[in-house]
1. Kindly state which strands (runs of 3 or more DSSP E) lie completely within segment 305-420 and contain at least 3 residues that are at pLDDT 95 or above and within 30 Å of E227 (Cβ to Cβ).
2. Restricted to segment 163-183, and to residues that are hydrophobic (A, V, I, L, M, F, W, C) and in a helix (DSSP H, G or I), which residue is surrounded by the fewest Cβ atoms within 10 Å (Cβ to Cβ)?
3. Got a sec? Which strands (runs of 3 or more DSSP E) wholly within segment 31-136 have at least 2 residues that are of a type in the set (A, V, I, L, M, F, W, C) and either touching a residue at least 40 places away in the same chain (Cβ under 8 Å) or open to solvent by 10 Å² or more (accessible area, probe 1.4 Å) (or both)?
4. Among the listed residues S278, S287, identify the single one that is modelled with pLDDT of 95 or more, buried (at least 23 other Cβ atoms within 10 Å of the Cβ), among the polar types (S, T, N, Q) and part of a loop (DSSP other than H, G, I, E, B).
5. If I ask for residues that are open to solvent by 40 Å² or more (accessible area, probe 1.4 Å) and part of a loop (DSSP other than H, G, I, E, B), which ones from segment 137-162 would you list?
Amino acid sequence: MTVDPITLSVIQAGLQQVCDEMDLAFSRAAFSPVIAEANDRSDGLYDAKDGSLIAQGAGGLPVFVGTMQYSTKTLIEMIADGRAGAPEPGDIYIVNDPYLGGTHLMDVRFARPFYRGDTLFCWLSNTGHWPDTGGAVPGGFSASATAVEQEGLRLPPVKLFKRGQMDAEIYAIICSNIRVADQRIGDVKAQAAALDLGAERLGALMDRYGDDVVSAAIAELRRRAAEQMRASVKTIPQGTHRSVAWVDSDGVVNEPLEIRLSVTRDKDALLFDFAGSSPPCLGPMNSVRATTFSSVYLAMRHIFPEVPISAGAFEPLRITGIEDTFLDAQYPRPVSGCAAEVSQRIAEAVFAALVEALPDRVTAAPAGTSGNFALGGHDPDRDRDFVMYQLSGGGYGGWSGGDGISNGCSTIGISKAPPLRSWNRLFRCSTITTPCTRVPAVPVCTVAGSGSTMN
């Protein structure tokens with residue numbers, strides 16, 4: 001079926017609007033400031049057969065652009081071979097396992113099947129950064145972790161909602177393993193409500209234009225995105241462009257980690273080869289495969305922002321050479337720093353490799369950190385625990401047209417520091433430096449930056 005250009009454009013905007021409304025609903029309803037104020041979340045639509053990206057909210061965290069596609073694909077595969085329950089209308093799966101297409105454990109993903117009649121049309125999915133998922137330290141950024149179990153509760157895909165009703169037993173298991181558990185219901189309901197809203201809006205779009213027309217439009221939009229990315233790739237000079245980026249240390253072993261990258265243009269495709277990068281590390285600066293791929297995708301989105309976002313935009317980008325390196329973490333390697341730190345160094349390697357080839361499009365290296373500061377403890381006056389995040393910005397690298405800005409959000413995110421009023425409203429507590437009495441042997445404060453830890 002051929003879709004006329006005007007209808008195609010309207011449907012493209014409609015799909016984008018569905019995701020943007022999910023983003024907005026999620027942030028407005030979420031309880032945690034890291035989601036509600038810092039917008040550390042993302043929402044999108046994904047193909048029913050292979051989980052490939054259809055559309056993603058413009059205000060979503062860039063690092064999730066590839067991970068949610070990867071995790072949806074993994075969920076579909078696990079359902080097919082019986083490792084996850086078969087979907088029914090109203091079901092919502094929860095998963096945060098980094099090795100199944102995620103980032104770190106604090107990024108919790110929900111996935112909801114969307115049906116038209118009896119047919120599964122697509123998946124709606126979102127990710128929200130929960131303030132805590134258990135583990136050795138409040139907030140999850142344990143700079144001294146040597147196994148993923150020390151970082152928090154790891155969830156495979158399970159149905160938290162079954163036919164629209166939350167499973168109280170599964171929710172109780174989750175709450176029994178995390179700090180400030182009484183606050184999570186606000187984030188859970190917000191995350192689920194965003195998907196419900198997305199289903200409603202997508203249904204209305206399809207009612208208006210018809211299932212066949214929307215399906216044809218999605219296929220055409222993917223084809224055009226691939227075509228546009230190939231055309232963009234052709235503007236890069238032929239040959240191989242190389243770079244090296246560094247992570248200061250893994251937090252446990254005081255030695256730098258090396259990201260070696262060669263980018264080769266082959267006609268209208270780009271090959272990103274990370275062979276020669278450092279092997280898996282002992283500390284939490286390992287990156288899982290999905291995050292590594294997503295870091296490359298988001299870097300190319302920075303370079304060619306005019307290419308519409310869909311799975312088609314990734315087709316000309318081929319990534320190799322990550323096996324047996326710290327960029328392809330396998331269980332039980334700790335990974336809490338992969339999204340907050342390592343992803344930005346991967347993007348930095350892409351920028352460094354292509355800056356001479358595309359001097360009018362690529363900037364010098366930015367600050368290279370999310371500046372995640374997690375603080376937790378116990379307030380004896382109120383007899384309650386607390387966990388908070390503070391996100392700091394950083395400088396951007398200069399470009400051919402001038403200097404970079406002095407303080408922007410991280411390369412892989414859109415998050416900035418939540419206003420003080422949000423923390424005051426949340427805690428109403430003036431004793432936030434009181435050590436955590438529940439786990440007295442661990443640091444109260446952790447900074448996810450090259451494995452640094454504060455006491």
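The values are calculated or read from the model by the stated rules, or taken from the named source; none is laboratory data. Since we're looking at a predicted model, the values are computed, not measured. Here the Cβ is made from the backbone with ideal geometry for all residues, glycine too, and neighbour counts use every protein chain on show. Please note that ligands, DNA and RNA were not included when accessible areas were found on the heavy atoms of the full protein model with its side chains. Shrake-Rupley method; radii C 1.70, N 1.55, O 1.52, S 1.80 Å.
1. The qualifying strands (runs of 3 or more DSSP E) are 317-320.
2. A168
3. Correct list: 53-56, 92-95, 107-116, 119-129.
4. Being modelled with pLDDT of 95 or more, buried (at least 23 other Cβ atoms within 10 Å of the Cβ), among the polar types (S, T, N, Q) and part of a loop (DSSP other than H, G, I, E, B) holds for just one of S278, S287, which is S287.
5. Listed by number, the residues that qualify are S144, T146, R154, P156.
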